[in-house]
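Encoded as structure tokens, the structure appears first; notes follow it.
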Amino acid sequence: MRIQPANHPLSIGSVQPYPSHLVQSLTLGDGVPVTIRPIRPEDAGIEQEFVRNLSDESRYFRFMDTVRELSPRMLAHFTQVDYERHMALIAVTALKGREVQIAVARYVADDERQRCEFAIVVADAWQQKGLGTRLLQTLIGAARATGLRVMHGEVLAANHGMLALMSRMGFIAHFDERDPRTMRVELNLQ
């Protein structure tokens, strides 16, 4: 999933109020409490730590590159969102008395605000627990609520777990004609 920083900074005047209605608490099947919530600028530290702690494979599947950590520009782009055109939801839990990010899902809408590109990644130790499904369901709901019509993304063909999730969530997948290693996935939000 390739969502990368835009070439222009986010306009401060366009930031919407914090969407607290998207905050939700859940308990995973193993009894661990998790909170899904929109990201905030002050989450930069846990976002950076989250990316650093992903396995090489998970980082490659998410960024389609060998990113080890986020540059300051990427970190600002990923944590300073406007909650409408660019939404990011994180899943956090308490570990050893501090909040730790364990997953993130985001979308960025096109200029016409009809389509949005999405990305999602779940920390390796937290995969296969239903967290990706719940996070993506919440992201899809947020995209629908803003009137977006289509959610799309790119997934490496070798990322079988993500492709299975996309299928379960109703996305249509097809090979990218420009790159046979990549699948294009798309969901009609109407």
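The values are calculated or read from the model by the stated rules, or taken from the named source; none is laboratory data. Predicted model, so just to flag it, every value in this text is computed and none were measured. FYI the Cβ positions are ideal-geometry reconstructions off the backbone, even for glycines, and counts take in every protein chain you see. The accessibility values were calculated without ligands, DNA or RNA, using every heavy atom of the protein model including side chains. Shrake-Rupley method; radii C 1.70, N 1.55, O 1.52, S 1.80 Å.
Which is in a helix (DSSP H, G or I) and of a type outside the set (Asp, Glu), of THR133, THR182?
Within the list THR133, THR182, the selection yields THR133.
Could you tell me which residue of the stretch 54-81 is surrounded by the fewest Cβ atoms within 10 Å (Cβ to Cβ), considering only residues that are at pLDDT 85 or above and among the aliphatic types (A, V, I, L, M)?
Among those residues, the one meeting the criterion is ALA76.
What is the residue count in the stretch 93-120 for residues that are more than 19 Å from ALA44 (Cα to Cα) and crowded, with 20+ Cβ neighbours inside 10 Å? Steps first, please.
Going residue by residue through the stretch 93-120, those that are more than 19 Å from ALA44 (Cα to Cα) are 96, 109-118.
So of that shortlist, the ones also crowded, with 20+ Cβ neighbours inside 10 Å come out as 109, 116, 118.
Counting residues in the stretch 93-120 that are more than 19 Å from ALA44 (Cα to Cα) and crowded, with 20+ Cβ neighbours inside 10 Å gives 3.
Being buried (at least 19 other Cβ atoms within 10 Å of the Cβ) and modelled with pLDDT under 90: is that true of ILE39 here?
When the stated conditions are applied, ILE39 does not pass them.
Here's a check for you: in the stretch 176-190, which residue that is closer than 18 Å to PHE61 by Cα and touching a His at 6+ places or on another chain (Cβ under 8 Å) is surrounded by the fewest Cβ atoms within 10 Å (Cβ to Cβ)?
Looking at the filtered set, the residue picked out is GLU186.
If GLU84 satisfies all but one of (1) open to solvent by less than 30 Å² (accessible area, probe 1.4 Å); (2) in contact (Cβ under 8 Å) with a residue 40 or more places away in the chain; (3) part of a loop (DSSP other than H, G, I, E, B), what's the number of the condition it fails?
For GLU84, the exception is condition (1).
Looking only at the stretch 139-160, count how many residues are free of Cβ contacts under 8 Å to residues at least 40 places away in the same chain, open to solvent by less than 50 Å² (accessible area, probe 1.4 Å), over 23 Å from TYR83 (Cβ atoms) and within 18 Å of the chain's Cα centre (by Cα).
The total comes to 0.
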